[in-house]
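Visitor: If you scroll down you'll find the structure; I have some questions about it.
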Amino acid sequence: MQQIKYLLNDSDIPRQWYNILPDLPAGMLPPLHPATKQPVGPDDLAPLFPMGLIEQEVSPQRWIDIPPEVLDILVRWRPSPLIRAVALEKALGTPAKIFYKYEGVSPAGSHKPNTSIPQVYYNKKEGVKRIATETGAGQWGSALSLACNFFGVEAKVYMVKISYQQKPYRRVMMETWGGSVTPSPSNETNAGRKILAENPNSTGSLGIAISEAVEDAASRADTKYALGSVLNHVLLHQTIIGLEAKKQMKIAGVDPDVVIGCCGGGSNFYGLSAPFIQDKINGAKVDIVGCEPASCPTLTRGHFHYDFGDSVGMTPLLPMHTLGHTFMPPSIHAGGLRYHGMAPIVSEVLRQKLMRAEAFNQIECFQAALTFARCEGIIPAPESSHAIRGAINEALKAKEEGKEKNILFLLSGHGHFDMSAYEAFLANNLGDFELPQGEIDRAWNAIKDFPEAKEF
Ligand SMILES: *Cc1c(COP(=O)(O)O)cnc(C)c1O
């Protein structure tokens, strides 16, 4: 029997997260207060986040202990499996070895509980009773509802209206775990009412939903806010994926030549690749590739600049690759990848040339997802299909060049709640979007007078 699954024991679960901040060769720029243009301090963030998470946001410590209460929950489904995609390799006729780390084994079906569990833990520890958040495709809202349920905290989820309508079962999932779900834009917040006044038929966006959740948390003493991607502490929590993967690749006896993930806000991509980026900083030869949709091309066509994290302008200004906070991506099925910005850490990693980025159209991604599903069995989330496209392209390149190559990618979740997207694809009802340069220019012009993210 050929060994194709690399499983760790429960006792092998990582006990610490890896923080890249002290290792980034050119450091990082701070977030700025939008009014004063000065770096934000802990006091600015205190209305939104508990101190435990604010400390992680700026920590200079390379290794940060995972609390035992968090491990007790994560170990119910972690360590997640690393699997060699032998059937896919055979179908492609490639000399490359393809490995994937699978995060669909979590109760919510994606990598997001890796951060929702510790986030709710730190909130609970500091006496928070209620957490407000936003969700795009529904995965983050599910992950937060799951975590709030475990710790006895109330979850209030503003869900992008188009997803609320298209994905009723994601809502039911959140409600099953006790979360309450409101379609966004809603008339429960000033931000929502403002958008509805301008456009009563607005189907929402992640940026609008963020504004509503931030306003909700900032205006109530019992409530804090939680974000499922982008921020440093979120990316920190996701490094558990890469730390496990490193142990598993060691058991498999191979060093990856290329590490691939899909990029929305950057958390799953970074979670897998962080320990390999550390190797690269220390001299290893490894290609790190972030894959994004061509219709929301933050890394490949955005600017590295200060911008708001939300579309109304309530958050601090973040130094990041951005298309501009007013950018409205087309309604592609990979809802989790439709964000105008990119995590500041991932943006720095790209700017410091420790990774590269590629953009793919939705049809070529669904074709890759279908190939994967028919070879390996697992039906991927539409977001994850971008990483599969990237991995298949690398495997085909290896075949063309007649080179052996070790490919590692992250399958960030399963697509069991995305069957309507597969239905559209199988019925040939899916299109690619040509993103006009004019829309990119318009959204960029709206922010180009914001502070420049200068070299230092
Ligand atoms: C949310 C999500 C993404 C995108 O978010 P990142 O922060 O970029 O990881 C990707 N895949 C799945 C399955 C998701 O749920």
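Visitor: Tell me which of these residue 340 doesn't satisfy, since it passes every other one: (1) without any contact (Cβ under 8 Å) to a residue 40 or more places away in the chain; (2) buried (at least 24 other Cβ atoms within 10 Å of the Cβ); (3) not charged (D, E, K, R).
Guide: Checking residue 340 against (1) without any contact (Cβ under 8 Å) to a residue 40 or more places away in the chain; (2) buried (at least 24 other Cβ atoms within 10 Å of the Cβ); (3) not charged (D, E, K, R), the one that fails is (1).
Visitor: Determine the pairs where a residue that is farther than 15 Å from residue 314 by Cβ and not assigned by TED's automatic domain parsing to the domain that holds residue 345, located within region 26-48, has a partner that is of a type in the set (Val, Ile, Thr) and not in a loop (DSSP other than H, G, I, E, B) with Cβ atoms under 6 Å apart, the partner being 6 or more residues away or on another chain.
Guide: If the second residue must be of a type in the set (Val, Ile, Thr) and not in a loop (DSSP other than H, G, I, E, B), the pairs left are 42/54.
Visitor: Among the residues of region 350-402, which ones are under 30 Å from residue 28 (Cα atoms), of a type in the set (A, V, I, L, M), under 18 Å from the mean Cα position of the chain (by Cα) and outside any helix (DSSP H, G or I)?
Guide: Once the filter is applied, which keeps residues that are under 30 Å from residue 28 (Cα atoms), of a type in the set (A, V, I, L, M), under 18 Å from the mean Cα position of the chain (by Cα) and outside any helix (DSSP H, G or I), region 350-402 yields 355, 357, 359.
Visitor: Which of the residues that make up region 18-39 are open to solvent by 30 Å² or more (accessible area, probe 1.4 Å) and within 25 Å of residue 271 (Cα to Cα)? Break it down into steps so the answer makes sense when it comes.
Guide: Taking region 18-39 and keeping what is open to solvent by 30 Å² or more (accessible area, probe 1.4 Å), we get 21-22, 25-26, 28, 30-31, 33-39.
The answer is 21, 22, 25, 26, 28, 30, 31.
Visitor: Quick one: which helices (runs of 4 or more DSSP H) sit completely within region 168-246 and have at least 1 residues that are β-branched (Val, Ile, Thr) and under 20 Å from residue 143 (Cβ atoms)? Lay out the reasoning, then the answer.
Guide: Details: elements: 168-176, 190-198, 206-218.
Once the helices (runs of 4 or more DSSP H) in region 168-246 are filtered for at least 1 residues that are β-branched (Val, Ile, Thr) and under 20 Å from residue 143 (Cβ atoms), what remains is 168-176, 206-218.
Visitor: Can you find even one residue in region 96-110 that is more than 26 Å from residue 395 (Cα to Cα), within 16 Å of the ligand (Cβ to nearest atom) and open to solvent by 20 Å² or more (accessible area, probe 1.4 Å)?
Guide: So in region 96-110, the residues more than 26 Å from residue 395 (Cα to Cα) come out as 106-109.
Still in the running and within 16 Å of the ligand (Cβ to nearest atom): 106-109.
Cutting the leftovers down to open to solvent by 20 Å² or more (accessible area, probe 1.4 Å) gives us 107.
Looking for residues that are more than 26 Å from residue 395 (Cα to Cα), within 16 Å of the ligand (Cβ to nearest atom) and open to solvent by 20 Å² or more (accessible area, probe 1.4 Å), one finds at least one in region 96-110, hence yes.
Visitor: For residue 440, state whether it is over 22 Å from residue 137 (Cβ atoms), in a loop (DSSP other than H, G, I, E, B) and β-branched (Val, Ile, Thr).
Guide: Values: over 22 Å from residue 137 (Cβ atoms): yes; in a loop (DSSP other than H, G, I, E, B): no; β-branched (Val, Ile, Thr): yes.
Answer is no for this residue.
The values are calculated or read from the model by the stated rules, or taken from the named source; none is laboratory data. All values derive from a computational prediction rather than experimental measurement. Reconstructed Cβ throughout: ideal geometry from the backbone, glycine too, with neighbour counts over all protein chains shown. To get the accessible areas, we keep the full protein, side chains included, count just its heavy atoms, and leave off ligands, DNA and RNA. Shrake-Rupley method; radii C 1.70, N 1.55, O 1.52, S 1.80 Å.
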